[in-house]
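Below is one structure, written out as structure tokens, with a few remarks after it.
Just so you know, all these numbers are worked out from the coordinates, no wet-lab data involved. Keep in mind that what you see is a predicted model, and the values were worked out from it rather than measured. Don't worry about glycine lacking a Cβ; one is built from the backbone with ideal geometry, like all the others, and counts go over all protein chains shown.
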Amino acid sequence: MAEEQNKLNQPDTTEEPIAVELAKKQREVSISQFFERNRHLLGFDNKRKALMTTIKEAVDNSLDACEEADILPEIYVNVVDMNNDRFNITIEDNGPGIVKKQIPHIFARLLYGSKFFKLSQSRGQQGIGISASVMYAQLTTGKPAKITSKIDKKHPTHYYELHIDTQKNTPEIVREEIVEEWSDKDHGTKIELDLEGSYQKGDQSIDQYLKQTAIANPHITLIYQPPKGEQLIFARATDKMPRRPVEIKPHPYGVELGRLFQMAKLTEAKTLQSFLMKEFSRVGSGTAKQICENAALLPKTKPKTMSREMVESLMKGINETRIISPPTDCISPIGNDLLEKSLRKEINAEFYTAAVRPPSVYRGNPFIVEVACAYGGEQPADQSMKIYRFANRVPLLYQPGGCGITKSVIATNWRSYGLSQSSGALPVGPITLVVHLASVWVPYTSESKEAIAHYPEIIKEIKLAVQECGRKLAMYIRKKRRIQDESKKRDYIQIYIPHIGSALKEIIGLKDSQEERVNKLLKSVLEKKRGELEEIKVDNPEYDAEWAKIGKEKKKDNKEEKGEKGKEKDKSNKGKQEGKEREKKEDKKKK
Ligand SMILES: Nc1ncnc2c1ncn2[C@@H]1O[C@H](COP(=O)(O)OP(=O)(O)OP(=O)(O)O)[C@@H](O)[C@H]1O
Ligand SMILES: [Mg+2]
């Protein structure tokens, strides 16, 4: 009996708990498997974008490599339409080349690169761009990536055909050999891919990306053969390389608790004071002591032994100490002159201006914002403002609605600068804005690097730069209105001058020649009394109509992108409508 009772109390081992069953399904997901399924996160969500993204990733890498090696970049981009939405693309550079051992890892392994761990301004940062393009090509055509690379005259040219083993995220070498190619070339890298894509001109096209890249990087030469039409050559405008950004350490402002805690654990420094001086930029011995004092911690504290509470007081101490802004040499801005020049080449406007902000910091990362604007001239007055966005000299063509740059521009009160704007929309008027964010780490909203995240520090700086341009613009718009009003008044007065002349002729019997003299005299009195009238005109010898046309052709209706575009259009239409209504009301008031 007791035995039976015992049996009843025992758990039934024949049926396993559900958790055990569920546990059997748990498996590690490789990074390549994840992105294979979520390729939209990397910018491969439609055929048109996929083609542009692939070229962008390769060109950005070539530019980064050339700049790191101090070589004036010369890049060939060749796009061949193979029909049925298939394209063959080749990107070749004259950069430093890649050592043989690294080639398979760079091109056929996701999250493998040289830029992730260093705080320095570069186009790439994640170590995922080019291998993602290789993976997309493999996924859509099954063809391997073909890589050619040479590092100098004395070394041979290596050729690889590569696949990615997405289960393991490792390279699979399909073919590997030394080739005779490039006997006359010292160094460089070439990548050839077959992929599914769609080629169209327009605002988000390859042509537009390459043109804007040439604008933001006047030291490069780009030779581009589009799938249709003639070769385009964007020749370099200067032989001077941009200032090479210096690699830096994080700035103490904005460093988060977890990171500070980890840095303290990993440092080689023996004391808190030397830790602060060694691991951060802009902290000398005086500042370090001041931080310790404000944090109520001894400068001799061993960083490795610091508790979470101590790190928290250290953070407080940092925030209470005045620390000079980060050095500017870690950032290489495009520059006011160049930004304005690029606008002059592209847009025939009446008024141009630019503004640069001093360096600032978000989460310990220094950054700079530059803005330029072109107003009036040949730009349509009834459309929303056009914005060209750049991050670390790379044009951002997609996701304008989700970008911190657009958000900052919308949050600016453009009505006070003389433009019409409805709440939550871009201003309406004949205006184009260029905004460039340069940083040692650009916070993109996703791995596809299309839009900038909404960090309050960044939004604030963009707004301040935009406002600076806005104030100068407002002065111009006010002046223009004054001139237009004055011109209207003069026109009215001038209408009456001949009537006065003929009345005088009749009353006091003037001759024709006397009447003419009276008219002339009255006109000169008018000029003298009201002063000389300034002329408003477009005077822009730098405008290049052929250049402006590149990438501007109307694109065909694309169903894949209709959704996003539709929304943007709605917004701007709403803006236009409300703008017009406001103008009508203002007119009524004036009358
Ligand atoms: N054309 C090239 N010449 C020399 N080195 C290159 C070239 N292309 C890529 N590399 C090297 O390969 C690495 C990986 O490139 P990949 O584009 O995958 O990542 P990334 O540029 O570091 O970052 P991101 O994912 O943001 O583009 C780079 O960090 C760079 O060191
Ligand atoms: Mg890259």
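For every helix of n ≥ 4 consecutive DSSP H residues, a contribution of -39,500 (n - 2.57) applies; sum these over the chain, divide by its total residues, and give [θ] at 222 nm rounded to the nearest 500 deg cm²/dmol.
Working: 17 runs with 242 residues, N = 591.
Using -39500 (n - 2.57) per qualifying helix, the result is -13500 deg cm²/dmol.
Among Met135, Met306, Met82, Met277, a tally of other beta-carbon atoms within 10 Å of each Cβ gives an order, fewest to most, of Met82, Met277, Met306, Met135.
Find the all-direction average of the projected area of the Cα convex hull for the stretch 480-530, expressing the result in square nanometres with one decimal place.
Working: hull surface 14.0 nm².
Spelled out: convex hull of the Cα atoms, projected over all directions, averaged, 3.5 nm².
Full extension of the chain between Arg363 and Ala474 yields a length gain of 36.6 nm, computed as 0.36 nm times the residue separation minus the alpha carbon distance.
For Trp414, Trp547, the sequence from fewest to most other C-beta atoms within 10 Å is Trp547, Trp414. Taken as Cα centroids, the stretch 412-444 and the stretch 16-59 sit 34 Å apart, rounded to the nearest whole angstrom. Calculated FRET efficiency, Ser446 to Asn413, Cβ-Cβ distance, R0 = 22 Å: about 0.15 to the nearest 0.05. Assuming charge only on the beta carbon of Lys and Arg (+1) and of Asp and Glu (-1), the dipole of the chain about its Cα centre is about 2660 debye to the nearest 20.
Check the stretch 480-530 and count each lysine pair with an alpha-carbon distance under 25 angstrom, considering only pairs eight or more places apart or from different chains. The result is 21.
For the chain, the calculated P(r) over all alpha carbon pairs, in 20 Å bins from 0 to the bin holding the longest distance, is 16, 40, 28, 11, 4, 1, 0, 0 percent.
So what is the relative contact order for the chain, in percent, with contacts set as C-alpha pairs under 8 Å and at least six apart? Don't jump to the answer; show the numbers that get you there.
Working: 1083 pairs, mean separation 74.9, N = 591.
Relative contact order of the chain: 13 percent.
Rounded to the nearest Hz, the phi-derived 3J(HN,Hα) couplings of the stretch 306-315 under the Karplus curve 6.51 cos²θ - 1.76 cosθ + 1.60 (θ = phi - 60°) are 5, 7, 4, 5, 5, 5, 5, 5, 4, 4, where x marks glycine and proline. Between the listed residues Gln121, Gln33, Thr170, the Cα displaced farthest toward the positive end of the dipole of the chain, a dipole computed from Cβ unit charges relative to the Cα centre, is found at Gln121.
Working from label points 7 Å from Cα in the Cα-to-Cβ sense, the Glu172 to Lys265 distance is 3.8 nm. Applying 0.36 nm per residue to the separation of Asp329 and Lys529 and subtracting their alpha-carbon distance, the gain on full extension is 66.5 nm. Taking Cα centre as origin and charging only the Cβ of basic (Lys, Arg, +1) and acidic (Asp, Glu, -1) residues, the dipole magnitude of the stretch 277-428 rounds to 680 debye. Pairs over the 20 Å Cα-Cα cut-off, from the set Lys240/Lys463; Lys407/Lys479; Lys115/Lys249: Lys240/Lys463; Lys407/Lys479.
Among Asp165, Asp512, the ranking by other beta carbons within 10 Å of each residue's beta carbon, starting with the fewest, stands as Asp512, Asp165. Computed from the C-beta positions of Glu256 and Glu68 and an R0 of 30 Å, the FRET efficiency is 0.55 to the nearest 0.05. On the basis of the beta-carbon distance and an R0 of 41 Å, Gln33 and Asp544 show a calculated FRET efficiency of 0.30.
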